[in-house]
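Below you'll find the structure, written out as structure tokens, and then a few comments.
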């Protein structure tokens, strides 16, 4: 009879924006582990692992990223156990409770926005699949948008090409968003950028405000389907993990988003 695997140890959770990443100690190869099962419940109560039909996920790796959580933040409690290649279940880990990070998209008061925060790009220029027209519409690889004057369907394309896009001339496209405030701000303002999808190339994002240093961050590797469908809310649609950029300084009371 195949031996049962040991209980999973070292379960830890790392909160992120609209996601929680779990990791735990690998159990090695004796006995041979076929996969790990992750159970989770919203809130602070540990899930019941007796229900074989209700795992949150299965993975062969000692880690799991729980995505698609609410932008306002969610609290979840998880347990993990191992299953051998012979189907023997191990004892569950000690539960761990974690909360995903809230976004200023949910907690802030908008100053200016481009588009709707709905997981779709259909209200933007050339959506859902006319990306081939972007080089002709923007020959200088510069997209300019003035808040209060321009509209997403007329001036803001749903897709921003990068150096890896040969069809767009292999250029680094830039977007300039002009927002005029009624008075000088007395506190920090945040910028939230949400992507429906990216290409399999991933890439780097760089942005800066007026008289601010440039900030760089890596865009997640996506599925490219956003350039053909324009709707990441369809069940089963692969998409990039959402990402948001903002200053690290509080308070986080105001935001812009695209």
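Bear in mind these aren't lab numbers, they're just calculated from the coordinates by the rules spelled out. Computed from a predicted model, the values in this text were never measured in an experiment. Methodologically, a virtual Cβ is constructed for each residue, glycine included, from the backbone with ideal geometry; neighbour enumeration extends over all protein chains shown.
Working from the Cα coordinates of region 86-155, the gyration tensor eigenvalues give, after taking √(5λ), semi-axes of 42, 21, 10 Å in decreasing order.
Note: relative contact order over the chain, using C-alpha pairs below 8 Å and six or more positions apart, is 19 percent. As a rough guide to protection, the peptides 73-83, 173-183, 150-160, 21-31 ranked by mean Cβ packing within 10 Å, highest first, stand as 73-83, 150-160, 21-31, 173-183.
An ellipsoid equivalent to region 12-102, defined through the eigenvalues of its Cα gyration tensor, has semi-axes of 24, 13, 10 Å when rounded to whole angstrom and sorted largest first. Applying D = kT/(6 pi eta Rh) to region 25-174, where Rh is the Kirkwood radius over alpha-carbon pairs, T corresponds to 4 °C and eta to 1.567 mPa s, the Stokes-Einstein value obtained is 66 µm²/s. Can you give the log10 of the normalised intensity I(q)/I(0) at q = 0.27 Å⁻¹, computed with Debye over equal Cα scatterers of region 120-182? Evaluating at q = 0.27 Å⁻¹ gives log10 I(q)/I(0) of -1.20. In plain terms, the residue of 101, 52 with the fewest other Cβ atoms within 10 Å comes first and the most crowded comes last, giving 52, 101.
By DSSP, the beta bridges lying fully in the chain are antiparallel in about 70 percent of cases. From the largest down, the chain spans 71, 44, 30 angstrom on the principal axes of its Cα atoms.
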